[in-house]
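Chemist: Attaching a single structure in C-alpha cells format; questions to follow.
Read-outs: derived from the displayed coordinates by stated rules, not from any lab. What you see is a predicted model, and the numbers here were worked out from it, not measured in a lab. A quick note on method: Cβ atoms are made from the backbone with ideal geometry, for glycine too, and the neighbour counts reach across all protein chains shown.
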Amino acid sequence: MSQTISKLSERATQVFKQQIDAPTAAFFSSCVHCGMCADACLFYTETGDPKYTPIHKLEPMRKVWQQEYTLSGKLAKLLGLAKPVTDEMLTEWEELVYDSCTMCGRCSMVCPVGNDLTYMIRKMREGMAASGHAPPDLAGATRRAVEIGSPMGVKLPALQAQIRHVEEDTGLTVPVDVEGAEYLCMLSSMEIMNFPEYIGAIARIFKHAGVSWTLSSEAFEATNSGIQIGVSEIAAELVQRIVDAATKLKVKTVISPECGHAYTALRWEGPNLVGKRFDFEVKHILEVLDELRVAGKIKTKGKITERLTYHDPCQISRRGGVVDQPRNLIKEFSSNFVEMPDSGVMNWCCGAGGGVSSNERADEIRIKVFQRKKDQIDAISPEALVSACSNCRIHIEDGLEEYHMELPVLSLTETLAEYLDDAAEAQT
Ligand code: SF4
Ligand code: SF4
C-alpha cells in the first residue's frame, strides 16, 4: 500500500515538474505572500474562503517547485521532512483549479511583483489533466471536440440546417468554402445552437460593408477544449484544423467569434501551440467591425435610448486588449451608454469562463459568485446589457434568472446589424 502511494506521489511530482518552466519558477520565487490576489478573485470575494486565494490554488505545483528546484526544499526532501504531493492532494485541488477558476486573469493584474497567476493556472491544469485529475464533464467535452469537431457535439449537418434557416429569414446567402474570401469566420457551438442570429448578423453586416467572407465546412468550431482542460497537444490539434482550413481557402484573416476563450486560444496561444507563425491574421469580430466602422463601411440609423451597459468578456478585454472597439461600436447604436464600475480591463468575470460552464459540478459556486456581477449591474441599474461572448450571455441570463432580475442581454454584433442603415448600403 505505502509503495503504491509513493509511486502515485512520484508520478504526480514528475507530471508537475514537467510543467515548471522558467516563468513559473520565477513567479513562485517572486511571491511575497501579500495575499493581494485574493481580493481580485470573485471566488474569494464572494465566499470569503481563503482556499480560493489564487496563489493557494497552485499549492501542489508550488510544493513540487520548492522540493525539486530550491536548495531548502531539496534538503528537506532528502531528510524526509518534506510532504510529497499525493494523488489525494490533487483530488482535493481539482475543485480549486477547475470549478473555481475561470482563468479570467484578474489576479494577474494586481500582483505587486507581476506574477501571471493565470499563466500558472494554465500550467497547473496541464499537470492536473496529465495526472488524471480533470473534471469528467470537461473530459467529455474535450473528447467530443477531438472526435466530432465540437465540444457540444455539433456536426456539419446541424450547421447546414441553421444556415438554411438564416438564409430563409434574411434572404441572404451564407457563403461556405469560398476560396479567396477575405475573411474566414469561425463560430462557437453555442452560437450555432443557441444564437444562430449571429450568423444572420454577420451576413447582413458583411453585405452592407461590401466585404467577402466565408465559413468553412471542414473547420467551423472556434472553441478550444484543449486549453480549458489543459492538454496542449489537443489544443494544438484543434488550432491546426483552423490553420488548415484558412490555408486551403487562402483567406487573409480568420475572425474569432463572440466567444472569449476562442480568441485567446487562436490569437495568443495558437502560433505557439502549432510551433509556427500563421500565414493569416487573427482578429476578433469586434476588431473587424470597428475597422470597418473607421473605414466608413458601417453606417447605422437610429439609436437605443434606454440605459445600455457593456459586459467586458475577460478574454476579449483583459487578456485580449479589445476594450475600445466595443465602446466605439456601441456608440453607433446607443445614445445612453453607461459603464459599470470596474469596467474595461478590470471587469469582473461572469463566473462561467475557463470551462466552468461546461462543468456541471461547478454550477452551485458559479451561481454564488454571480453575486459580484449582480452588484456591478445593480450599481448602475441599466435597462439592457450588451456583450460579445455567447458563453457570458448564457451565463448572465442564467444568473439574472437565479437572482430574480430582469434585464435583456444582447449580442453586440447582432444589435449592430439591427441598426444598419440599409439605404447607406447601396453607396458603399
Ligand atoms: S484567474 Fe480569475 S478566477 Fe482564476 S484565480 Fe485568478 S482571479 Fe480567480
Ligand atoms: S499577489 Fe502576487 S505576491 Fe501577493 S500572494 Fe498573490 S501571487 Fe504572491
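Chemist: Rounded to the nearest 5, what % of the DSSP beta bridges within the chain are antiparallel ones?
Modeler: 5
Chemist: Which of 91, 45 has the fewest other C-beta atoms within 10 Å, and how do the rest follow up to the most?
Modeler: So the ranking, lowest neighbour count to highest, is 91, 45.
Chemist: If you don't mind, there's one more thing I want to ask. Below 13 angstrom from the Cβ of residue 216, what's the summed charge of the other residues (Lys, Arg +1; Asp, Glu -1)?
Modeler: -2
Chemist: What is the Cα centroid distance between the range 346-418 and the range 144-185, reported in whole angstrom?
Modeler: 26
Chemist: Taking the Cα centre of the range 360-413 as origin and charging only Cβ (+1 Lys, Arg; -1 Asp, Glu), how large is the dipole, in debye to the nearest 20?
Modeler: With only Lys, Arg, Asp and Glu charged at Cβ, the dipole is about 260 debye.
Chemist: Sorting check: for 77-83, 161-167, which peptide has the highest mean count of neighbouring beta carbons within 10 Å, and how do the rest follow?
Modeler: Packing proxy ranking, top to bottom: 161-167, 77-83.
Chemist: Want the number for residue 294 to residue 345: 0.36 nm per residue separation, take away the alpha-carbon distance, what's left?
Modeler: Between residue 294 and residue 345, full extension yields an extra 16.1 nm.
Chemist: Using only Cα atoms and rounding to the nearest 10 degrees, what angle (0 to 90) does helix 390-402 make with the longest principal axis of the chain?
Modeler: 80
Chemist: Could you compute the FRET efficiency for residue 407 and residue 360, with r as their C-beta to C-beta distance and R0 at 30 Å, rounded to 0.05?
Modeler: 0.75
Chemist: Placing +1 on the Cβ of each Lys and Arg and -1 on the Cβ of each Asp and Glu in the range 158-314, which of 158, 187, 224 has its Cα farthest towards the positive end of the resulting dipole?
Modeler: 187
Chemist: Looking only at 39, 375, 177, which one moves most when the chain is put into a Gaussian network model with springs between Cα atoms under 10 Å?
Modeler: Greatest mean-square fluctuation among the candidates belongs to 375.
Chemist: Compute the FRET efficiency between residue 36 and residue 421 as 1/(1 + (r/R0)^6), taking r as their Cβ-Cβ distance and R0 = 41 Å, and round to the nearest 0.05.
Modeler: For R0 = 41 Å, the calculated efficiency reads 0.30.
Chemist: For a quick check: sort 90, 184 by the number of other beta carbons within 10 angstrom, fewest at the front. Working shown, then result.
Modeler: On the way: 90 21, 184 26.
Result, fewest neighbours first: 90, 184.
Chemist: So for the pair residue 335, residue 268, with labels modelled 7 Å out along Cα→Cβ, what separation do we get in nm?
Modeler: Taking the two extended label points, one gets 3.8 nm.
Chemist: Nearest 0.05, what FRET efficiency do residue 68 and residue 182 give at R0 = 60 Å with Cβ-Cβ as r?
Modeler: Result of the calculation: an efficiency of 0.75.
Chemist: Among 340, 128, 89, determine the one that fluctuates most according to a GNM of the chain built with springs between C-alpha atoms less than 10 Å apart.
Modeler: In the Gaussian network model the winner is 89.
Chemist: Determine ³J(HN,Hα), in whole Hz, for all residues of the range 11-27 in sequence, where each value follows from phi through the Karplus function 6.51 cos²θ - 1.76 cosθ + 1.60 and θ = phi - 60°; x replaces Gly and Pro.
Modeler: 4, 4, 4, 5, 4, 6, 4, 5, 8, 7, 9, 4, x, 4, 4, 5, 5
Chemist: Another one. Can you list the residues, at least 5 places off or on another chain, whose amide H is less than 5 Å from the amide H of residue 322, using H built in the peptide plane?
Modeler: Answer set, sorted by chain and number: 317.
Chemist: Summing -39500 (n - 2.57) over the DSSP H runs of n ≥ 4 in the chain and dividing by its residue number, what mean residue ellipticity at 222 nm do you reach, to the nearest 500 deg cm²/dmol?
Modeler: -15000 deg cm²/dmol
Chemist: For a 18 Å ceiling on Cα separation, which of these pairs sit above it: 303/373; 283/331; 207/297?
Modeler: Numbers: 303/373 26 Å; 283/331 21 Å; 207/297 10 Å.
Too far apart for the 18 Å limit: 303/373; 283/331.
Chemist: Distance from a point 7 Å along Cα→Cβ of residue 156 to each backbone N in the range 199-238: keep the residues under 11 Å and list them by number.
Modeler: 216-220
Chemist: Moving on to the next point. Kindly write out, for the range 273-280 in residue order, the coupling ³J(HN,Hα) from the Karplus curve 6.51 cos²θ - 1.76 cosθ + 1.60 (θ = phi - 60°), rounded to whole Hz, with x marking Gly and Pro.
Modeler: Taking θ as phi minus 60°, the curve returns 5, 8, x, 7, 5, 6, 8, 9 Hz for the range 273-280.
Chemist: Taking K and R as +1 and D and E as -1, what net charge do the other residues with C-beta under 11 Å from the C-beta of residue 82 add up to? All intermediate terms of the calculation are to be shown ahead of the outcome.
Modeler: Numbers: positive: 63, 74, 77, 83; negative: 68.
With Lys, Arg at +1 and Asp, Glu at -1, the net is +3.
Chemist: In what order do 386, 338 fall by count of nearby beta-carbon atoms within 10 Å, going from fewest to most?
Modeler: Lowest count first: 338, 386.
Chemist: Collect residues whose amide H, placed 1.01 Å from N in the peptide plane, falls under 5 Å from the amide H of residue 304; neighbours closer than 5 in sequence don't count.
Modeler: When sequence neighbours closer than 5 places are left aside, the close amide H contacts are 334, 335.
Chemist: Let me ask something else. Set Lys and Arg Cβ to +1 and Asp and Glu Cβ to -1, take the dipole of the chain about its Cα centre, and tell me which of 263, 341, 313 lies farthest positive.
Modeler: The residue sitting farthest along the positive end of the dipole is 263.
Chemist: Which one of 342, 363, 137 has the biggest mean-square fluctuation once the chain is modelled by GNM with Cα springs under 10 Å?
Modeler: 342
Chemist: Please give, to one decimal in nm, the separation of the simple spin-label points placed at residue 247 and residue 173, each 7 Å out from Cα toward the Cβ.
Modeler: Simple spin-label model gives 2.9 nm for this pair.
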